[in-house]
Amino acid sequence: MDFTFTEEQRAAVEAAEAVFSGVSPDRVPSPALTPGAVAQDIDRELWGELARADLLSLVLSPGRGGAGLDAVALCLVLRESARVLARVPLLESSAVAMTVERYGEERLATALLPAAGRGELVLTAAANGATGHSPAQLSVIARPEGPVSGAGRSAGRDGGSAPEAATGWVLDGVQSAVPWAQAADWIAIPAHTGEGRAALALVRRAQEGVTLAEQVSTSGERLAEIRLDGVRVEAHELITAPGAWDWLRSLLTVGTCAQALGLGQRVLAMTAEYTGKREQFGFPVATFQAVAVQAADRYIDLRAMEVTLWQAAWRISTDAKGPLPAAGDIAVAKIWASDGVRRIVQTAQHLHGGFGADTDCTLHRFHAWAKQIELSLGPAAAHEEALGDLLAAHMLG
């Protein structure tokens with residue numbers, strides 16, 4: 001089989017490299033020295049550059065003004081963004097846009113996608129629920145306005161069914177740790193309809209009944225707790241097609257794995273450069289066996305993170321069948337991403353010695369981002385449990 005990237009995917013990487021080449025991880029104050037958030041907004045200058053390079057519309061279809069590329073291409077760009085700690089909702093906005101195009105009604109897609117691809121609208125997603133320890137869709141309930149009968153249902157874009165009679169929906173509940181929420185124009189919020197079905201609501205940040213409370217991530221970026229109190233959305237703004245929320249969460253998880261890979265690659269390169277120059281007893285410390293062995297172990301982590309990432313991205317991009325559902329590959333990728341990126345930054349701190357703990361050194365910023373990525377959308381232990389459930393349900397021959 002040919003696992004090389006396509007010409008279009010390589011072109012996306014080249015465009016991303018050109019945009020991110022001018023980005024410094026030190027563009028905002030240190031999270032270690034800043035009480036509260038390091039900045040009040042996303043990097044708007046970089047957001048505009050991404051739009052001009054057509055990287056915000058990368059995964060949209062040509063009919064929406066995009067390039068029609070897939071999750072693999074998105075992950076390639078996300079990998080480059082993480083190498084410079086890019087402070088933009090590239091993952092969240094792209095993943096929501098892909099989900100709306102795949103599962104949403106035409107009216108919703110027309111309203112959001114062209115503007116999102118041009119960078120005029122910022123999209124983000126809530127994925128942590130009220131506490132981060134239970135399914136996110138259970139933290140918000142969506143109640144239909146108007147009678148909904150089992151007989152009156154229309155086919156969704158993916159073949160699912162949606163209530164015909166509901167004129168709108170009312171949302172109540174809480175979602176916590178929503179990234180980039182204060183900068184977003186629209187927020188994708190998972191909910192349940194009370195019938196055991198997961199739905200995905202697109203809510204305006206400034207909509208009546210939406211309240212944002214300030215939270216701060218480990219990396220120093222702004223998060224928000226979002227409270228919904230009788231928030232009304234139009235019928236087309238609630239995606240009830242089966243699988244929409246699961247697909248969005250899968251995209252977000254795989255994208256987080258891509259960020260872990262890019263960050264890990266940059267940190268290991270920084271470590272190699274430092275240990276190659278730092279001398280003890282007249283020799284570079286990189287020549288010492290104890291140092292070389294630790295660096296080699298982290299390189300193995302990177303290769304495992306890489307192969308599991310591309311396997312998972314390929315599965316959700318192609319809907320390819322396998323011994324386990326795609327969720328199994330996604331769980332394996334997140335296990336390696338969470339554990340691998342943690343080990344990489346810890347080893348980097350150790351091999352940098354006291355210099356690595358100095359806030360004048362950029363490394364501590366990567367450490368803070370790595371800890372945030374490690375726990376985002378579930379730590380390794382949560383995905384190990386999910387993988388165990390999948391293995392129990394799908395006996396392998």
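The values are calculated or read from the model by the stated rules, or taken from the named source; none is laboratory data. Predicted model only: the values in this text are computed from it and were never measured. Neighbour counts are summed over all protein chains in view; Cβ atoms, including those assigned to glycine, are modelled from backbone coordinates with ideal geometry. Heads up: the accessible areas ignore ligands, DNA and RNA and are worked out on the full protein's heavy atoms, side chains in. Shrake-Rupley method; radii C 1.70, N 1.55, O 1.52, S 1.80 Å.
Working carefully through the options Leu302, Leu324, find the one that is of a type outside the set (Ser, Thr, Tyr), within 13 Å of Cys257 (Cβ to Cβ) and in contact (Cβ under 8 Å) with a residue 40 or more places away in the chain.
Working: Leu324 fails: within 13 Å of Cys257 (Cβ to Cβ).
Selected residue: Leu302, the only one of Leu302, Leu324 that is of a type outside the set (Ser, Thr, Tyr), within 13 Å of Cys257 (Cβ to Cβ) and in contact (Cβ under 8 Å) with a residue 40 or more places away in the chain.
Screening Asp54 on (1) at positive phi; (2) among the charged types (D, E, K, R); (3) in a helix (DSSP H, G or I) shows it passes everything except condition (3). Of all residues in the range 90-117, those satisfying the criterion of being in contact with a Leu (Cβ under 7 Å, 6 or more places away or on another chain) and charged (D, E, K, R) are Glu92, Glu101. Here the condition is being open to solvent by less than 30 Å² (accessible area, probe 1.4 Å), of a type in the set (A, V, I, L, M) and part of a loop (DSSP other than H, G, I, E, B); of Ala260, Ala241, it holds for Ala241 alone. If you go through the range 108-143 and pick out every residue that is free of Cβ contacts under 8 Å to residues at least 12 places away in the same chain and not in a loop (DSSP other than H, G, I, E, B), you end up with 3.
Does any residue of the range 245-253 turn out to be assigned to a helix (DSSP H, G or I), more than 22 Å from Arg342 (Cα to Cα), open to solvent by 10 Å² or more (accessible area, probe 1.4 Å) and of a type in the set (Asp, Glu)? For the range 245-253, residues assigned to a helix (DSSP H, G or I), more than 22 Å from Arg342 (Cα to Cα), open to solvent by 10 Å² or more (accessible area, probe 1.4 Å) and of a type in the set (Asp, Glu): present. In the set (1) within 23 Å of Ile42 (Cα to Cα); (2) in a helix (DSSP H, G or I), the condition left unmet by Tyr274 is number (1).
Could you tell me which residue of the range 318-346 is nearest to the chain's Cα centre (by Cα), considering only residues that are polar (S, T, N, Q) and surrounded by fewer than 20 Cβ atoms within 10 Å (Cβ to Cβ)?
Here the answer is Thr318.
Candidates Pro147, Pro114, Pro135: the one that is modelled with pLDDT under 90 and either surrounded by fewer than 24 Cβ atoms within 10 Å (Cβ to Cβ) or polar (S, T, N, Q) (or both) is Pro147. Tell me yes or no: at least one residue of the range 39-47 is surrounded by 15 or more Cβ atoms within 10 Å (Cβ to Cβ), within 20 Å of the chain's Cα centre (by Cα) and among the β-branched types (Val, Ile, Thr). Yes, some residue in the range 39-47 is surrounded by 15 or more Cβ atoms within 10 Å (Cβ to Cβ), within 20 Å of the chain's Cα centre (by Cα) and among the β-branched types (Val, Ile, Thr). Being crowded, with 21+ Cβ neighbours inside 10 Å and more than 11 Å from Gly117 (Cβ to Cβ), is that true of even one residue in the range 51-68? No, the range 51-68 contains no residue that is crowded, with 21+ Cβ neighbours inside 10 Å and more than 11 Å from Gly117 (Cβ to Cβ). Among the residues of the range 177-218, those that are of a type outside the set (A, V, I, L, M, F, W, C), open to solvent by 10 Å² or more (accessible area, probe 1.4 Å) and assigned to a strand (DSSP E or B) comprise Pro179, His192, Arg204, Thr211, Glu214, Gln215.
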